[in-house]
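A.B. asks: Questions regarding the structure given below will be posed in turn.
Readers should treat all values here as calculations from the given coordinates under stated rules, not as data from a laboratory. Only a predicted model underlies this, so the values are computations on that prediction, with no experimental measurement involved. FYI the Cβ positions are ideal-geometry reconstructions off the backbone, even for glycines, and counts take in every protein chain you see.
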Amino acid sequence: MGLTLTEKILSAHLVEGEMVKGTEIGIRIDQTLTQDATGTMAYLEFEAMGVPRVKTERSVAYIDHNTLQNGFMNMDDHRFIGSVAKKHGIYFSRPGNGICHQVHLERFGVPGKTLIGSDSHTPTGGGIGMIAIGAGGMDVAVAMGGGTYYITCPKVVKVELTGRLRPWVAAKDVILEVLRRLSVKGGVGKVIEYCGEGVKTLSVPERATITNMGAELGATTSIFPSDEITREFLKAQGRENVYVPMLADEDAVYDEIVEINLSELVPMAACPHSPDNVKTVEEIGPMKIDQVCIGSCTNSSLMDMLKVAHILKGKTVHPDVSLSIAPGSKQVLSMLAENGALADMLEAGARVLESACGPCIGMGQSPNSGGISLRTFNRNFEGRSGTADGQIYLVSPELAAASALTGVLTDPRTLGEMPEFEMPEKFLVNDNMIVEPVPEEEMDSVEVLRGPNIKPFPTSEPMPENIEAKVSLKVGDNITTDHIMPAGAKILPLRSNIPEISKYCFAVCDESFHDRALELGKSIVIGGSNYGQGSSREHAALAPLYLGVKAVITKSFARIHMANLINAGIVPMTFADESDYGRIEQDDELKIENIAGQIAAGGNIKVTNVTKGFDFECSVSFSERQKEMLYAGGLLNYTKNNS
């Protein structure tokens, strides 16, 4: 029986466990990446481990999230990250060099290698045949120190692509179709592997768009084969030497098969407020719009930008529409300037932003009150744009540009004949914004620069004998990490200051949560299904930890957030009978006796609702390693105990 591409790469990197689906495996990590919203905490954790130099093949620290310098905090964090990187063997991508996933694809990604990043859209690297996984910052810190990364051995879903995209139908429409079929929960515990003749019709940037938004499926990661198209992309980047062909065996066996005929797809949009709320443009109709934002790690490649420039050339953005464009990297921006496409955008009335995440994380360009904003981004969660009642639609760059000109949602197929857009034979390569670390023998001469906004990592305690605490909050289904720990220009600068950022914890759901949790001292949170979907931000676990949350009981968890809770020493449990969710209210007092003993014994955990006088059971599924982490009070304590 042949192997899938996923199985080949995971098997080659297997350190612990066996390739049995549903069991925990440990894999060796070749590369890591961080960005500045999560990186400061990751490097504080790395320092706490006492490892002098990173032990990966390549670790890169990117500055791309907190680039709005409206105070000292972001700049201080950037200086801290830059100095830590220089000292400890990490490459440092300076502000302005570009979005981490775009730059990593261009300059560092290697087919067949493993990559974890403290950003949920790290699976972008699957576009060139990597196993690239989003993770919490603490997991990344451990990997940088040479530690093993643990995941549940995934099921593998084959997405069989046939046909070819028709003119003005985009790679964005491919992943929107997958989301429409599978939902934001459909990828949990799975890797999405793209196969078939249709793969050969997609460029590397198009493949990366698709793998990038695999994060919205809840998937462990997504991956394309490394083939001749991959080789040509790497050759154009001056990196053909790292190319290796990586394909699934012809007789590989998959757990599920999804068939998509690219020729049948039409332009689509994900409607508010979920990436799987997908409708065709025809179904939505010519809706009036207020704003268009083009860019993000999903759709900011050179090819995306050239298509946008072609559509805008010689025309003017509709007077009722604000259009902003953020090229994904300095390389992309420089090439647009060199070939005249940037001038076409500017002449049309576009507002060109720096090469950074920007509006995607609510860092500027928030829409007007109740405004309808078309964005080429990957998430449209409520409030994420920075405007509480903003109506965000996720679309392709082609659809976005066409609509910016008309002022209404516009099918790009009305643009007439589409010219051939070909990948360049040679990209403009200038890595002068990437700072290399000093040699190991010089590291003692590097001073780590710490600003006053950088506070210590919050401490946790070993698991108590009993947990007896009130329910501080009850929330519904599909609660995202943006609900738990919002982003945006006001909050992101506090990422290295857990006491301060915790004031905004769950503010989207209940502004009084912070004060109530602090007053209680210890508490339990109740949630619905797919709790913690979205970003990999470990702050969504660290802030509750700081506020005394001891356990979270839900119908189901998103993968990364559940791992982050365990890393923080917070016990994640799911209702054995989901109907019990409806029997619990905020302020109910819950009691879990001998919790460590119950976890060690296996089976369900008995929980007593003291207030209402009934017992219910919760399911847990922890590996032996995860149990030990919880007993110790989290990954950092566990690592210290076993070092």
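A.B. asks: Could you tell me the calculated FRET efficiency between M19 and D510, based on Cβ-Cβ distance and R0 = 45 angstrom, to the nearest 0.05?
C.D. replies: With R0 = 45 Å, the Cβ-Cβ based efficiency is 0.55.
A.B. asks: Please report the net charge: other residues with Cβ closer than 11 Å to the Cβ of F377, K and R +1, D and E -1.
C.D. replies: Taking every Cβ under 11 Å from that of F377, the sum is +3.
A.B. asks: Which whole-Hz ³J(HN,Hα) couplings does the stretch 161-174 yield from phi under the Karplus relation 6.51 cos²θ - 1.76 cosθ + 1.60, θ = phi - 60°, glycine and proline marked x?
C.D. replies: With coefficients 6.51, -1.76 and 1.60, one gets 9, 10, x, 9, 4, 6, x, 6, 9, 10, 4, 4, 5, 5 Hz.
A.B. asks: Once the piece of chain linking E57 and E264 is laid out straight, how much longer is it, given 0.36 nm per residue of separation minus the C-alpha distance between them?
C.D. replies: Computed gain between E57 and E264 is 70.3 nm.
A.B. asks: Counting other Cβ atoms within 10 Å, which trypsin sites (Lys or Arg not before Pro) in the stretch 409-507 have at most 14 and lie in a DSSP loop? Don't skip to the end; give the middle numbers.
C.D. replies: Working: sites: R413, K426, R450, K470, K474, K490, R495, K503; in loops: K426, R450, K490, R495.
Answer by residue number: K426, K490.
A.B. asks: Let me ask something else. Under 19 Å from the 7 Å Cα→Cβ point of L449, by amide nitrogen: which residues of the stretch 19-40?
C.D. replies: It comes to 35-40, nothing else.
A.B. asks: Compute the relative contact order of the stretch 510-643 as a whole-number percentage, counting only Cα pairs closer than 8 Å that sit 6 or more residues apart in sequence.
C.D. replies: About 21 percent, as a whole number.
A.B. asks: Subtract the Cα-Cα distance of V408 and A601 from 0.36 nm times their separation in residues, and report this length gain in nm to one decimal. Provide the component values of the computation, followed by the final result.
C.D. replies: Numbers: separation 193, 0.36 × 193 = 69.48 nm, distance 5.98 nm.
Extra length available between V408 and A601 comes to 63.5 nm.
A.B. asks: Tell me which residues come under 5 Å, amide H to amide H, from Q35 once H is placed; ignore anything under 5 positions away on its chain.
C.D. replies: Here Y62, S118 satisfy the definition.
A.B. asks: Ranked highest first by average number of other Cβ atoms within 10 Å, how do 2-11, 396-405 line up?
C.D. replies: 396-405, 2-11
A.B. asks: What ³J(HN,Hα) values, in whole Hz, does the Karplus curve 6.51 cos²θ - 1.76 cosθ + 1.60 give for the stretch 368-377 when θ = phi - 60°, with x put for Gly and Pro?
C.D. replies: The phi angles translate into 5, 3, x, x, 9, 10, 8, 9, 8, 8 Hz.
A.B. asks: To the nearest 0.05, what FRET efficiency results for R166 and N339 with a Förster distance of 22 Å applied to their C-beta separation?
C.D. replies: My answer for the efficiency is 0.25.
A.B. asks: Now, a different point. Of L105, Q35, P286, which is farthest towards the positive pole of the chain's charge dipole, taken about the Cα centre with +1 and -1 on the beta-carbons of Lys, Arg and Asp, Glu respectively?
C.D. replies: Q35
A.B. asks: Relative to 2.2 N^0.38 Å, what does the C-alpha radius of gyration of the stretch 467-641 come to as a ratio? Two decimals please.
C.D. replies: Rounded to two decimals, the normalised Rg is 0.97.
A.B. asks: Just report the Cα centroid separation between the stretch 103-160 and the stretch 264-322, whole Å.
C.D. replies: Each part reduced to its Cα centre gives a spacing of 28 Å.
A.B. asks: Another question, then. Along the charge dipole of the stretch 5-264, Cβ charges K/R +1 and D/E -1, which of V157, P205, S11 sits furthest on the positive end?
C.D. replies: P205
A.B. asks: Which one, V253, P462, G26, is farthest towards the positive end of the dipole of the chain when Lys and Arg carry +1 and Asp and Glu -1 on their Cβ?
C.D. replies: P462
A.B. asks: Determine the percent antiparallel among the DSSP beta bridges restricted to the chain, to the nearest 5.
C.D. replies: Numbers: 29 of 87 bridges.
So the antiparallel bridges in the chain amount to around 35 percent.
A.B. asks: What GluC sites (Glu not before Pro) in the stretch 576-643 are in a loop by DSSP, with at most 16 other Cβ atoms within 10 Å of the Cβ?
C.D. replies: E585, E593
A.B. asks: In addition: Along the stretch 484-496, what does the Karplus equation 6.51 cos²θ - 1.76 cosθ + 1.60 (θ = phi - 60°) give for ³J(HN,Hα), rounded to whole Hz, x for Gly and Pro?
C.D. replies: 6, 9, x, 9, x, 5, 7, 9, 4, x, 9, 4, 9
A.B. asks: Could I ask something else about it? Averaging sequence separations of C-alpha pairs under 8 Å and six or more residues apart, then dividing by the length of the stretch 366-467, give the relative contact order as a whole percent.
C.D. replies: 16 percent
A.B. asks: If you don't mind, there's one more thing I want to ask. Could you work out the mean projected area of the convex hull around the alpha carbons of the chain, in square nanometres to one decimal?
C.D. replies: Taking a quarter of the hull surface, the average projection is 26.4 nm².
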